[in-house]
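Chemist: One structure, pasted below without further comment.
The values are calculated or read from the model by the stated rules, or taken from the named source; none is laboratory data. These figures come from a predicted structure and were not determined experimentally. Using ideal geometry, Cβ is built from the backbone for each residue, glycine included, and neighbour counts are taken over all protein chains shown.
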């Protein structure tokens, strides 16, 4: 159901508000460049800083611009089960193709708590549910054994795994049959080669065609071509994490003339001393 390169969209802001026009234009450009799917309101979309009204506005804007051309996933997870259910139900009612639920952050639930949390949300909605493991942001790593238990739920169909380990693909596949989506651009090729179905990507915000090609080449076993593309993309991938995501990718999109370079506090614009390095990398890659 979900695979290929899926862009974890930024949320453009202008004067403190969601910039609907820039977001719609970004969605159209992504699809024109051959992206395989879109994620609205993920970590890259600064979802934790959005009000509920803004959250739904972003999803609605992406959905209207997408117009059913590619699958649309909505990030609806919070660190509270009740609020995750509320957001997920709203997104489901809007007609999204699936919801992405981050492992509850700050609370740091045990495996038992994770199972209960995800089960409650999956029980409440009718749409497919994607687990999201990102210990660098949540302080908790979801064990493959926990994923295996949750995979038995009929609506839990996939996991975005951003634990920084290609090995986990094999560990998860050994225990259950669930769609695995990389959440780590630097090792996405390796994870797909090991049996992952694709990537939910930061870099595809600025290089959608290239990330889509990287996944499709790898999945097709054309590894020489995939390795060559990975080598060309690698400086860009590194540059997107010079500072906390989405600071560099928003700066890059602003240099491309696609969005305003505006983030929501507590994030601020990229450190000026790093901008020349980013600009050089983007120029060499032909992105700007």
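Chemist: For region 257-278, enumerate the residues that are out of contact with any strand residue (DSSP E or B) (no Cβ under 8 Å at 6 or more places or on another chain), surrounded by 15 or more Cβ atoms within 10 Å (Cβ to Cβ) and in a loop (DSSP other than H, G, I, E, B).
Modeler: Answer for region 257-278, where residues must be out of contact with any strand residue (DSSP E or B) (no Cβ under 8 Å at 6 or more places or on another chain), surrounded by 15 or more Cβ atoms within 10 Å (Cβ to Cβ) and in a loop (DSSP other than H, G, I, E, B): 258, 259, 261, 267, 270.
Chemist: Could you please find all residues in region 67-89 being over 16 Å from residue 150 (Cβ atoms), touching a strand residue (DSSP E or B) at 6+ places or on another chain (Cβ under 9 Å) and in a helix (DSSP H, G or I)?
Modeler: 87, the sole residue that qualifies.
Chemist: Tell me whether region 104-122 contains one or more residues that are over 14 Å from the mean Cα position of the chain (by Cα), in contact (Cβ under 8 Å) with a residue 40 or more places away in the chain, surrounded by fewer than 22 Cβ atoms within 10 Å (Cβ to Cβ) and not in a helix (DSSP H, G or I).
Modeler: no
Chemist: Another question about this same structure. Of the conditions (1) assigned to a helix (DSSP H, G or I); (2) touching a helix residue (DSSP H, G or I) at 6+ places or on another chain (Cβ under 8 Å); (3) crowded, with 18+ Cβ neighbours inside 10 Å, residue 250 satisfies every one except a single condition; which number is it?
Modeler: That leaves (2) as the condition not met.
Chemist: Do we have residue 285 as exposed (fewer than 14 other Cβ atoms within 10 Å of the Cβ), more than 21 Å from the chain's Cα centre (by Cα) and either farther than 23 Å from residue 24 by Cβ or at pLDDT 95 or above (or both) here?
Modeler: no
Chemist: Separate question: Give region 17-47 a look and list any residue that's closer than 27 Å to residue 138 by Cβ and without any contact (Cβ under 8 Å) to a residue 12 or more places away in the chain, or say none.
Modeler: Those that are closer than 27 Å to residue 138 by Cβ and without any contact (Cβ under 8 Å) to a residue 12 or more places away in the chain: none in region 17-47.
Chemist: Could you run through region 191-207 and say how many residues are touching a residue at least 40 places away in the same chain (Cβ under 8 Å) and either surrounded by fewer than 24 Cβ atoms within 10 Å (Cβ to Cβ) or over 22 Å from residue 31 (Cα atoms) (or both)?
Modeler: So the count comes out to 1.
Chemist: Just checking, how many residues over region 1-59 are part of a strand (DSSP E or B) and buried (at least 18 other Cβ atoms within 10 Å of the Cβ)?
Modeler: 11
Chemist: Take residue 260 and tell me if it is within 20 Å of residue 55 (Cα to Cα) and either without any contact (Cβ under 8 Å) to a residue 24 or more places away in the chain or within 17 Å of the chain's Cα centre (by Cα) (or both).
Modeler: No: the conditions fail for residue 260.
Chemist: Okay, next question. Please go through region 60-79 and pick out each residue that is over 26 Å from residue 241 (Cβ atoms) and in contact (Cβ under 8 Å) with a residue 24 or more places away in the chain.
Modeler: Hits for region 60-79 are 60, 61, 63, 64, 65, 66, 69.
Chemist: Being closer than 29 Å to residue 48 by Cα and not in a helix (DSSP H, G or I): is that true of residue 242 here?
Modeler: Criteria met by residue 242.
Chemist: Just wondering, is there one or more residues in region 152-164 that are closer than 27 Å to residue 205 by Cβ, in contact (Cβ under 8 Å) with a residue 60 or more places away in the chain and surrounded by fewer than 21 Cβ atoms within 10 Å (Cβ to Cβ)?
Modeler: Within region 152-164 (the criterion being closer than 27 Å to residue 205 by Cβ, in contact (Cβ under 8 Å) with a residue 60 or more places away in the chain and surrounded by fewer than 21 Cβ atoms within 10 Å (Cβ to Cβ)), the answer is yes, since at least one residue qualifies.
Chemist: Residues being exposed (fewer than 15 other Cβ atoms within 10 Å of the Cβ) and either within 16 Å of residue 34 (Cβ to Cβ) or in contact (Cβ under 8 Å) with a residue 60 or more places away in the chain (or both): count how many of those fall in region 208-224.
Modeler: Residues in region 208-224 being exposed (fewer than 15 other Cβ atoms within 10 Å of the Cβ) and either within 16 Å of residue 34 (Cβ to Cβ) or in contact (Cβ under 8 Å) with a residue 60 or more places away in the chain (or both): 2 in total.
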